[in-house]
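Worksheet: the structure to be examined is printed underneath.
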Amino acid sequence: MGTTLIVILVVIAAAVLYIISIFNKLVTLKNRYKNAFAQIEVQLKRRYDLIPNLIEVAKQYMKHERETLEAVVNARNTASGSLAKAAADPSDPAAMQQLAGAEHQLQGAIGKLNVVMEAYPDLKANQNMMQLSEELTTTENKVSFARQSFNDQVMAYNTYRQSFPPIFFANTFGHPQDASLLEFEDSAEIQAAPKVSF
């Protein structure tokens with residue numbers, strides 16, 4: 001009877017340790033995708049900070065294009081608010097969808113600004129504008145890399161959460177749903193480097 005009891009205790013201990021490892025892995029993967037979202041947040045905030053500077057330089061040259069400038073500022077403010085909601089809970093699918101929509105609107109407003117700026121050759125040649133444009137392009141690339149890293153971490157989390165046997169324990173351990181990927185509506189355009197011309 002002694003060896004049978006020892007075998008049963010060893011099996012129970014092994015099962016408990018395995019369940020603990022499932023819990024720890026779920027927590028680790030969730031923290032990784034949250035950290036990856038924090039990197040997106042840093043880059044998006046940098047871009048949102050660059051846009052007012054870009055607008056200020058453009059205002060000096062584009063006195064008759066107030067609507068376009070205001071549309072960019074409004075889209076930037078909306079995107080910034082959406083980013084704050086998504087940053088509060090990166091696992092909220094609605095917040096991620098709202099951020100993706102706001103980013104789409106911002107990209108559209110910046111695109112319109114670029115078209116309007118084509119009519120102002122002095123603005124295109126302005127050293128401050130060229131520097132801001134380069135920083136914006138670099139930041140766009142960083143956003144793309146950060147988004148890819150985030151989506152990779154979300155995939156790792158979702159794959160582990162959906163696999164057997166973690167799927168049986170995920171809800172119990174506070175992981176009731178898959179994390180949402182951050183997919184922008186214009187993902188085909190985002191794959192290409194942004195074209196900013198002044």
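The values are calculated or read from the model by the stated rules, or taken from the named source; none is laboratory data. As the structure is a computational prediction, the values presented were derived from the model and not from experiment. Cβ placement follows ideal geometry from the backbone for every residue including glycine, while neighbour counts extend to all protein chains displayed. Ligands, DNA and RNA are excluded from the accessible area calculation, which covers all protein heavy atoms including side chains. Shrake-Rupley method; radii C 1.70, N 1.55, O 1.52, S 1.80 Å.
Summary table below
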{"item": "Between 0 and 90°, nearest 10: helix 2-61 axis offset from the chain longest Cα axis", "result": "0 degrees"}
{"item": "Heavy-atom surface of the range 88-155, accessible at 1.4 Å and reported per residue (Å²)", "result": "48 Å²"}
{"item": "Point-charge dipole on Cβ atoms (K/R +1, D/E -1) for the chain, about Cα centre, debye to 20", "result": "540 debye"}
{"item": "Listed pairs K59/K85; K34/K142; K34/K85 exceeding 25 Å between Cα atoms", "result": "K59/K85"}
{"item": "Solvent exposure, largest accessible area first (probe 1.4 Å, DNA, RNA and ligands not counted), of V72, V42", "result": "V42, V72"}
{"item": "Peptide ranges 30-41, 4-15, 125-136 listed from the most packed, as the mean C-beta count within 10 angstrom indicates", "result": "30-41, 125-136, 4-15"}
{"item": "Percentage relative contact order, the chain, counting C-alpha pairs under 8 Å, at least six apart", "result": "33 percent"}
{"item": "Between 0 and 90°, nearest 10: helix 127-162 axis offset from the chain longest Cα axis", "result": "20 degrees"}
{"item": "Percent accessible area from carbon and sulfur atoms, the chain, protein chains only, probe 1.4 Å", "result": "57 percent"}
